[in-house]
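*Asks:* Let me begin by handing over the structure; questions about it come next.
The values are calculated or read from the model by the stated rules, or taken from the named source; none is laboratory data. Worth saying up front: this structure is predicted, and the values here are computed from it rather than measured. Cβ atoms come from the backbone with ideal geometry, glycine included; neighbour counts cover every protein chain shown. Areas reflect the complete protein model, heavy atoms only, side chains present, ligands, DNA and RNA absent. Shrake-Rupley method; radii C 1.70, N 1.55, O 1.52, S 1.80 Å.
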Amino acid sequence: MKRLHLFAILGALSAALASPAFAQNQKQSQNVKVTPLGGIDGEFCPQDRAMVFEDPNGTRILYDPGRTVAGADDPRLGKIDIILVSHMHGDHLGNAHNKAPNSGSCDKPDVSVSAVPNSSAVEIALAKKSKIVTGSEMPPFFAAKLKANGGDPANSILARFGGSVTIDGIKIATVTALHSNGLDPAYIGGELGKAMTEAGIAGDVGLATGYVLRFSNGLVAYLSGDTGIVADQERTVRDYYHAKLAVMNMGDGFSTGPAEAAYVINQLVKPASVIPSHSNEVSTVGGKVRPGSKAEAFIKAVKVPSYLPLSGRTMEFNAAGKCMAGC
Ligand SMILES: [Zn+2]
């Protein structure tokens, strides 16, 4: 009798453990950590683009290293498994970067270290043995740069529009970004690069992109890249992928400004939370939003909670896109 009773308890317990409800709770207790790697600790500065996303399974993704990651030696990087580059412009790929974190000031960023012809993204990938996942026609460029520097060209991986790749439990897709994507001839070099510079033309590596990431806890994040307003933000990012967290570029001039970016968030993507990015101006003073800034206009205009990308501050988001810590 006792034995039977024990089996009954074990049976009930294993059924509970295997149930979808339990699995869901387990997953939701695990958050995705987002840490901006900007120019100055605790602030949101003009050149800030880079963010590290850490999956609950420990996988670390660096998005658009740009100019505020102090190259491969930046101690804030730690392990980097995957690098994402939305497009080839120098402020995203990293044509130059700071000497060290916090060098320079928020209004006068230090971009004194040149990273051409390789780019900061490639130098970090070589040092960390990271995979570079890009869409469009960008992967052959990265494969060639990796190969030319003794790296493994197979670490440059394609995720073109409509498809996805899953790496270390994270599903990565690229989505439309209405922008340009010329490759600066400085990355090409030689006679060809010189002739292109003289002619004032850039290399063709296909379209610019944004990203949609699905983390192992179920959180879906939209990283806009530089983009205008596109219908895909509704039809694809919201209706198909159901993004719950958005990182929205809102600097104006080069991409959507605060009003357009707020429209994208309020009317098209409708996430649970948004992190503004790419402001191209001093957005905070002492960690507080600067009155009259584009960041302030954006935050006032969006209807969902908006969290400033303060450099070095780690924010945690659950599967529903709700900030659970650090915001
Ligand atoms: Zn940009």
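*Asks:* Just add up the charged neighbours of Arg313: K/R +1, D/E -1, any other residue whose Cβ is under 14 Å from the Cβ of Arg313.
*Replies:* Taking every Cβ under 14 Å from that of Arg313, the sum is -2.
*Asks:* May I ask for the net charge around Gly71, where only other residues with Cβ less than 13 Å from the Cβ of Gly71 are counted and Lys, Arg are +1 while Asp, Glu are -1?
*Replies:* Residues near Gly71 contribute 0 overall.
*Asks:* Below 8 Å between Cα atoms, with a sequence gap of 6+, how large is the relative contact order for the chain in percent?
*Replies:* 18
*Asks:* Fully extended, how many nm does the chain gain between Leu192 and Met324 (0.36 nm per residue separation, minus their Cα-Cα distance)?
*Replies:* Value of the extension gain: 42.4 nm.
*Asks:* Between Asp73 and Asp204, what length in nm is gained on full extension when 0.36 nm per residue of separation is reduced by their alpha carbon distance?
*Replies:* Once the chain is fully extended between Asp73 and Asp204, it gains 44.1 nm.
*Asks:* Let me ask something else about it. Given a 1.4 Å probe, how much area per residue of the chain is accessible, in Å²?
*Replies:* For the chain, the per-residue accessible area is 42 Å².
*Asks:* Can you work out ³J(HN,Hα) from phi for every residue in the range 243-258, in order, using Karplus 6.51 cos²θ - 1.76 cosθ + 1.60 and θ = phi - 60°, giving whole Hz and x for Gly and Pro?
*Replies:* Residue by residue, the range 243-258 yields 5, 10, 10, 10, 10, 10, 6, 9, x, 6, x, 9, 8, 3, x, x Hz.
*Asks:* Using modelled backbone amide H atoms (1.01 Å from N, in-plane), which distant-in-sequence or interchain residues come within less than 5 Å of Asn102's amide H?
*Replies:* So Asn102 has HN proximity to Asp41.
*Asks:* Continuing with the same structure: Classify the range 55-139 as rounded, prolate or oblate, taking a ≥ b ≥ c as the square roots of the eigenvalues of its Cα gyration tensor: rounded when a/c is under 1.5, otherwise prolate if a/b is larger than b/c and oblate if not.
*Replies:* oblate
*Asks:* Please give the peptides 251-263, 211-223 ranked by average Cβ packing (other Cβ atoms within 10 Å per residue), highest first, as a rough proxy for protection.
*Replies:* Ranked by mean Cβ neighbours within 10 Å, highest first: 211-223, 251-263.
*Asks:* For a label point 7 angstrom out from the Cα of Ser180 toward its Cβ, which stretches of the range 254-281 have the backbone nitrogen within less than 16 Å?
*Replies:* So the set is 254-256.
*Asks:* Considering only DSSP beta bridges where both residues belong to the range 228-327, give the percentage that are antiparallel (nearest 5).
*Replies:* Beta bridges within the range 228-327, antiparallel portion: roughly 40 percent.
*Asks:* Let me ask something else about it. Can you list residues from other chains, or at least 5 along the same chain, whose modelled amide H is less than 5 Å from the amide H of Ile167?
*Replies:* Excluding prolines and chain starts, which carry no amide H, the hits are Ile172.
*Asks:* With springs only between Cα atoms under 10 Å, which of Gln30, Gln233, Gln47 fluctuates most in a Gaussian network model of the chain?
*Replies:* Top of the fluctuation ranking is Gln30.
*Asks:* Compute the separation of the alpha-carbon centres of the range 133-207 and the range 218-296 and state it in Å as a whole number.
*Replies:* Result: 24 Å between the Cα centres.
*Asks:* Follow-up question, since we're still on this one. Where in the chain are the DSSP H helices whose alpha-carbon span along the long axis reaches 18 Å or more and whose Kyte-Doolittle mean is at least 0.5?
*Replies:* Helices meeting the span and hydropathy rule in the chain are 2-18.
*Asks:* Around Thr284, which amide H atoms from residues at least 5 apart in sequence, or from another chain, sit under 5 Å from its own amide H, with H modelled in the peptide plane?
*Replies:* Counting only residues 5 or more places away or on other chains, the set is Phe44, Arg290.
*Asks:* Once you have the Cα-Cα distance between Lys303 and Asp41, take 0.36 nm times their residue separation minus that, and quote the gain in nm to one decimal.
*Replies:* Stretched fully, the Lys303-Asp41 segment lengthens by 91.6 nm.
*Asks:* For the chain, modelled as a Gaussian network with Cα springs under 10 Å, which listed residue fluctuates most, Ile80, Ile201, Ile132?
*Replies:* Sorting by GNM fluctuation, first place goes to Ile201.
*Asks:* Still on this structure, I have one more. Counting only protein heavy atoms and using a 1.4 Å probe, what share of the accessible area of the chain belongs to carbon plus sulfur, as a whole percent?
*Replies:* About 57 percent, which is the carbon plus sulfur part of the accessible surface.
*Asks:* Using the Kirkwood radius over C-alpha pairs as Rh, can you work out the diffusion coefficient of the chain via Stokes-Einstein at 10 °C, viscosity 1.306 mPa s, in µm² per second?
*Replies:* Estimated diffusion coefficient is 78 µm²/s.
*Asks:* If one puts a single equal scatterer on every Cα of the range 79-195 and applies the Debye formula without solvent, what log₁₀ I(q)/I(0) results at q = 0.10, 0.20, 0.23 Å⁻¹?
*Replies:* Ignoring solvent entirely, the Cα scatterers give -0.32, -1.17, -1.37.
*Asks:* Just for the Cα atoms in the range 262-327, what are the lengths along the principal axes, largest first, rounded to whole Å?
*Replies:* 31, 27, 16
*Asks:* On the Cα set of the range 189-327, report Rg and Dmax in Å, please.
*Replies:* Considering the range 189-327 through its Cα atoms, Rg and Dmax are 17.1, 53 Å.
*Asks:* Arrange the residues Glu43, Glu234, Glu198 by how much accessible surface each exposes, largest first, with a 1.4 angstrom probe.
*Replies:* From most accessible down to least: Glu198, Glu234, Glu43.
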